[in-house]
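Undergrad: So that we are looking at the same thing, I have put the structure below in structure tokens.
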Amino acid sequence: MTDDEPDPGVPVFEARGVSRTFRRSGTRGRVLTTALDGVDLTVRPGQRLGIVGESGSGKSTLIRVLDALLPPSSGEVLFRGRRIDNASSRQLGDLRSSVQMVFQDPRSSLDPRMTVGDIITEPLRSPLLRSRPDVPRNHGERLAEVLEQVELEADAAGHYPHEFSGGERQRIAIARAIAPRPDVLIADEAVSALDVSVRAHVLNLFADLVRSDRLTLIFVSHDLAVVRHVCDHVAVMRSGRIVESGPIEQIYASPAREYTRNLLASVPKLRVRTASSRRTATEVPDEMPPGPDDPPA
Amino acid sequence: MGALLRIRDLRIGFGRAEALHGIDLTVGEGARVGIIGESGSGKSVTALATMGLLPDTARVSGSIELGGRQLVGLSDTGFARLRGDVVSMIFQEPMTALDPTMRVGRQVAEVLRLHQGAPAGRARERVIEMLSQVGLPDPERISMSFPHQLSGGQRQRALIAMALINQPELVICDEPTTALDVTVQARVLRLLDEQLDAAGAACLFISHDLAVVSQVCDEVLVMYRGTIVESGPIAQVLENPQHPYTAGLIATARIDQIEPGRPLPVIENFWDGKEGRP
Amino acid sequence: MRRSHPLVVGAVLVGLICILAVVSFFWTPHDPGLVDASIALQPPSRTYPLGTDGFGQDIFSRILVGARICMLVGVMAVTIGALLGVPIGILAGMSRRHVGRRIMRWADIFYAFPALLLAILLAAANGTGSTMTAMIAIGISSIPAFARVANTASRSVMSRDFVAAARSSGIGWTAIAWRHVLPNILPVVLVQVSSALGRAILAEAALSYLGVGTQPTTPTWGRMLYDAQKFVYDHPAQIAVPAVFIAITVLGFNLLGDGLREALDPRLRQEA
């Protein structure tokens, strides 16, 4: 497939030395926590980039900074060659009209008081998107189109999110994201909250969408095995830094870092316990140095 | 080995709907039984019924016998005597399962004192010992911490300590690692495996993830819409699933064996939810 | 299983009071202001359904007219409070944390300022207390409560992912406030409205009782309580009548608020 060659044009996203700290009031006054620590990242058009890491590694903060939902504390973020860190909302028109997001938990990402139809067409009603020529004008038509694309019944539009199962809700969130025909789709742990049996369905949907619409995809997950099915590149994050990155198959087959190997080994696999295997339940080392389970939430 | 938990023709209804359509299951002493199914399949309801934690509006019929005691129709005080002593539960969300206003050590000690009437000094010793046994670093400090000061993994470890401190005969785990990261999940699962072994406790392990169940259990029950569609030793079920739904679950769990770029198998490839209903 | 419907019960009680208020415009059995010492403190009879008060005025007629003022004060005061308080709260809830905190600090200063003091000040500025000054005083003093409730609720709505999703599609702040924040905080605001209505009615009664609200000749339920207190031992029914009507109204509004909250929630509506 020749489509997989990354376009040599301007990168979609470029992060240069991006850091982000959060101020949190703890028991002994205010504490500064570093969520991102000098991250450099380039996303090329058509690339399907996976970002993996444990919770607290900074992956969610990174995509929120990329999507200008959070300003970085220092460093530069560029979208198609233009600075978007600390830009005013008027200067973000290009970003807002080209990038859409899918979040982890559809219970939180779908407004419980809006019908599915209103939710999906909301981006189409955005003043920024109306100015773009290729954004569908006919909302009803586009709604029917995307509902079919995510394999939901057409009459779903009149119902409320709580009437659907977790997997269906995540498909509604995906329908909302693709409704304005974005160039870039950012998915934040989009399958982590779903049952394993539903996960495959949603992953297939992502794979189809990316292939047919030639989207640039940024897919955040803590599960390398999942990322492998939708991405061609991967960046591994730990403690706010990118510790390893490259083509997915290379990293999946031979990770350079101990940390990445642990991530891979931790994915539960089907196995049959026998008396002898009881001792070696999983190949994960007891603690990953320096090793707290994960930073306090 | 005798049967520790014996459930016969258990039916549970809410309002007009029935959530559980008469299930039978047996957990032997020290056995590890996994219940797998999607959300709404009735797996959690089964666990809650065994713990006596169903809401008042639930209609329960059939029989749940735990170590010879009939639990259906047992009063709340009767259940309270069993809970934390003979049977204990590990919940999905450790943050909500712990009281945010109470120090971790006191919460663990409370379970101990409630059932064993241990004096405060002895209880504290035992709590510290238990916290270190579940692999918490610096158990003295952890016991003085509030739940929000711990990480998700540490909270789940504290819950495991709480569930096992009275050496119960049965531990019910309801999706104990679903809220955790893969790496933390792997460590917590291994800890659970070791601790159950050490305590010799039986376990009823509820999950939507067949791979997770296979890390801890020897037997598995597959539930679908309030009935058990398949059961047996894990090896046998994985090797030769009888029900198409089970075959679908196994296929979706083997995501690592599918070549990237190919569509992942979904349940619907195996079963449309209609044919072969038991 | 049948559930009781607070919405229906609340609506019936509030509707009843509304009907009394409307009827009073067209008809009362007697002139509510007619003083006749010769028929003072009569027990309920055919001519005087609820008896007469210490001035010989017909209690039922005064209750009818009182319902009017009671409703007017309650509704106007809460409207003032909600129309000013909710936007302040939403603004604070949607702005950055330290900005929001500063806005709420100001609201808290008002919170510490009792309606009574405000009513006395307004009455002093106006020369005399009136229904209008009571209404404004109660309304202003209920702003902080609305702002607070709206602030906390909006802040929690703002942390939900659907707001992030809307922002990332370029939906503006005003649209987010209208489309997402307001509908989602409406349930808590409604509960606040119903309890504020109850409190406003009680506050008006208290202000009238103290003489800085509605003036003596105008019949209000609070005034009636005040006038009846002299007879509390000999004629307890004198105090019971307005008290019962106040209680019915407050209860009605609280039930109505609860019922509306349920009815407006699509998740609860399905099961009803």
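Undergrad: Using the Cα centre as the reference, give the magnitude of the dipole from point charges on the C-beta atoms of chain A (Lys, Arg: +1; Asp, Glu: -1; all else neutral), rounded to the nearest 20 debye. Please list the in-between numbers first.
TA: Details: 39 positive and 41 negative charges, 189 e Å.
That gives a dipole near 920 debye.
Undergrad: Which whole-percent values make up P(r) of segment C:142-272 when all C-alpha to C-alpha distances are grouped in 10 Å steps starting at zero?
TA: Using 10 Å bins, I get a P(r) of 12, 28, 25, 17, 12, 5, 1, 0 for segment C:142-272.
Undergrad: If I build a Gaussian network model for chain A, linking alpha-carbon pairs within less than 10 angstrom, which residue out of A:T33, A:T260, A:T115 has the largest mean-square fluctuation?
TA: With Cα springs under 10 Å in chain A, the top fluctuation among A:T33, A:T260, A:T115 is at A:T33.
Undergrad: Right, another one. Determine the dipole magnitude for segment C:146-272: charges of +1 sit on the beta-carbon of Lys and Arg, -1 on that of Asp and Glu, nothing else is charged, the reference point is the Cα centre, and the result goes in debye to the nearest 20.
TA: Values: 11 positive and 8 negative charges, 103 e Å.
So the magnitude is around 500 debye.
Undergrad: Give me C:W173, C:W221 ranked fewest to most by other Cβ atoms within 10 Å of their Cβ, as a rough exposure proxy. Please list the in-between numbers first.
TA: Details: C:W173 14, C:W221 27.
Going from sparsest to densest Cβ surroundings: C:W173, C:W221.
Undergrad: Which order, highest average first, do A:141-148, B:207-214, C:72-79 follow once you tally other Cβ atoms within 10 Å for each residue and take the mean per peptide?
TA: On the way: A:141-148: 17.2, B:207-214: 24.5, C:72-79: 21.4.
Those peptides, ordered most packed to least, come out B:207-214, C:72-79, A:141-148.
Undergrad: Can you give the FRET efficiency for B:E18 and A:T115, using 1/(1 + (r/R0)^6), R0 = 25 Å, r = Cβ-Cβ distance, to the nearest 0.05? Present the calculation step by step, with values, prior to reporting the outcome.
TA: Values: r = 30 Å, r/R0 = 1.20.
Efficiency, from the Cβ-Cβ distance: 0.25.
Undergrad: On to the next question. Can you give the three extents of the C-alpha atoms in chain A along their principal axes, from longest to shortest, in whole Å?
TA: In descending order, the Cα extents are 61, 50, 46 Å.
Undergrad: Here is a further query. Between A:S245 and residues 5 or more places away or on another chain, which pairs have amide H atoms under 5 Å apart, with H built 1.01 Å from N, and which residues are they?
TA: It is A:V236, by chain and number.
Undergrad: Could you check which residue among C:F26, C:F253, C:F162 shows the biggest mean-square fluctuation in a GNM of chain C with a 10 Å Cα cutoff?
TA: In the Gaussian network model the winner is C:F26.
Undergrad: For chain C, take the longest principal axis of its alpha carbons; what is the angle in degrees between that and the long axis of helix C:59-94, to the nearest 10 within 0 to 90?
TA: 20 degrees
Undergrad: Going by how many other beta carbons lie within 10 Å of each one, how would you line up B:Y245, C:Y209, fewest first? Walk me through the intermediate numbers first.
TA: Values: B:Y245 26, C:Y209 19.
Ordered by Cβ neighbours within 10 Å, fewest first: C:Y209, B:Y245.
Undergrad: Quick one: if the Förster radius is 25 Å, what FRET efficiency do A:V31 and B:D99 give, using the C-beta to C-beta distance and rounding to 0.05?
TA: Details: r = 24 Å, r/R0 = 0.96.
The formula returns an efficiency of 0.55 here.
Undergrad: Something else: Could you state the per residue volume, in Å³, of the convex hull enclosing the Cα atoms of segment B:3-240?
TA: Numbers: hull volume 28.3 nm³, N = 238.
About 119 Å³ per residue, rounded to a whole number.
Undergrad: Averaged over peptide B:149-157, how many Cβ atoms belonging to another chain are found within 10 Å of each residue's Cβ?
TA: On the way: counts 3, 4, 8, 7, 5, 4, 3, 1, 1.
Mean shielding by partner chains, rounded to a whole number: 4.
Undergrad: Under the Kirkwood approximation applied to all pairs of distinct alpha-carbon atoms, what is the hydrodynamic radius of segment C:128-191 in Å?
TA: Values: mean 1/r = 0.0739 Å⁻¹.
Value: 13.5 Å, from the Cα pair sum.
Undergrad: Report the full-extension gain for the segment B:M144 to B:A198: residue separation times 0.36 nm, less the Cα-Cα distance, to one decimal in nm.
TA: Values: separation 54, 0.36 × 54 = 19.44 nm, distance 2.60 nm.
Once the chain is fully extended between B:M144 and B:A198, it gains 16.8 nm.
Undergrad: Once both labels are modelled 7 Å past Cα along the beta-carbon direction, what's the C:M132-B:N269 spacing in nm?
TA: In this crude label model, C:M132 to B:N269 measures out at 7.8 nm.
Undergrad: Only bridges whose two residues both fall in the protein assembly as shown count here: according to DSSP, what percent of them are antiparallel, nearest 5? Present the calculation step by step, with values, prior to reporting the outcome.
TA: On the way: 50 of 87 bridges.
Around 55 percent of the beta bridges assigned by DSSP in the protein assembly as shown are antiparallel ones.
Undergrad: According to the Kirkwood expression over distinct Cα-Cα pairs, how big is the hydrodynamic radius of segment B:42-115, in Å?
TA: Values: mean 1/r = 0.0723 Å⁻¹.
So the Kirkwood estimate lands at 13.8 Å.
Undergrad: Give, in whole angstrom and from largest to smallest, the semi-axes √(5λ) of the equivalent ellipsoid of segment C:23-91, with λ running over the eigenvalues of the Cα gyration tensor. Spell out each step's value before the answer.
TA: On the way: eigenvalues 283, 24, 15 Å².
For segment C:23-91, the semi-axes come out at 38, 11, 9 Å.
Undergrad: Taking the number of other C-beta atoms within 10 Å as the exposure measure, put C:F231, A:F79 in order starting with the fewest.
TA: Values: C:F231 16, A:F79 25.
Arranged by neighbour count, lowest to highest, C:F231, A:F79 become C:F231, A:F79.
Undergrad: Further, regarding this structure: Between C:S61, C:S159, C:S169, where does the largest GNM mean-square fluctuation fall for chain C, given springs only between Cα atoms within less than 10 Å?
TA: Of C:S61, C:S159, C:S169, the Gaussian network model singles out C:S169 as fluctuating most.
Undergrad: Next up: Please compute, for the alpha-carbon atoms of segment A:23-152, the extent along each of the three principal axes and give them in descending order in Å.
TA: If we take the Cα atoms of segment A:23-152, the spans are 54, 35, 28 Å.
Undergrad: Jot down the per residue volume, in cubic angstrom and as a whole number, of the convex hull over the alpha-carbon atoms of the protein assembly as shown. Each step should come with its number before you reach the end.
TA: Numbers: hull volume 185.7 nm³, N = 847.
Considering the Cα atoms of the protein assembly as shown, their hull volume per residue is 219 Å³.
Undergrad: To continue, here is another question. If I model a spin label as a point 7 Å beyond the Cα along the Cα-Cβ vector, how far apart are those points for A:E145 and C:Y111 in nm?
TA: Taking the two extended label points, one gets 5.0 nm.
Undergrad: Further, regarding this structure: Quick check: the angle from helix B:104-116's long axis to the longest principal axis of chain B, C-alpha only, nearest 10 degrees?
TA: With both axes taken from Cα atoms, the answer is about 90 degrees.
Undergrad: Now, a different point. Applying 1/(1 + (r/R0)^6) with R0 = 22 Å to the Cβ-Cβ distance of B:E110 and B:T77, what FRET efficiency is obtained, to the nearest 0.05?
TA: Numbers: r = 17 Å, r/R0 = 0.78.
According to the calculation, E is roughly 0.80.
Undergrad: Quick check: the distance between the Cα centres of segment C:172-216 and segment C:7-71, to the nearest angstrom?
TA: Each part's Cα centre sits 26 Å from the other's.
Undergrad: Here's something else I'd like to know. Rounding to the nearest 20 debye, state how big the charge dipole of the protein assembly as shown is about its Cα centre with +1 on each Lys and Arg Cβ and -1 on each Asp and Glu Cβ.
TA: Working: 86 positive and 87 negative charges, 463 e Å.
In total the dipole reaches around 2220 debye.
Undergrad: So for the pair B:S63, B:R126, with labels modelled 7 Å out along Cα→Cβ, what separation do we get in nm?
TA: The answer from the label model is 3.4 nm.
Undergrad: Right, next: Any chance you could give the angle, 0 to 90 degrees and rounded to 10, that helix C:97-111 forms with the longest Cα principal axis of chain C?
TA: 10 degrees
Undergrad: Restricting things to alpha carbons, find the Rg to Rh ratio for chain C using the Kirkwood radius for Rh.
TA: Rg/Rh: 1.07.
Just so you know, all these numbers are worked out from the coordinates, no wet-lab data involved. In this text, all values refer to a predicted model and were calculated from it rather than measured experimentally. When we count neighbours, we look across all protein chains shown, and the Cβ atoms used for this are built from the backbone with ideal geometry, even at glycine.
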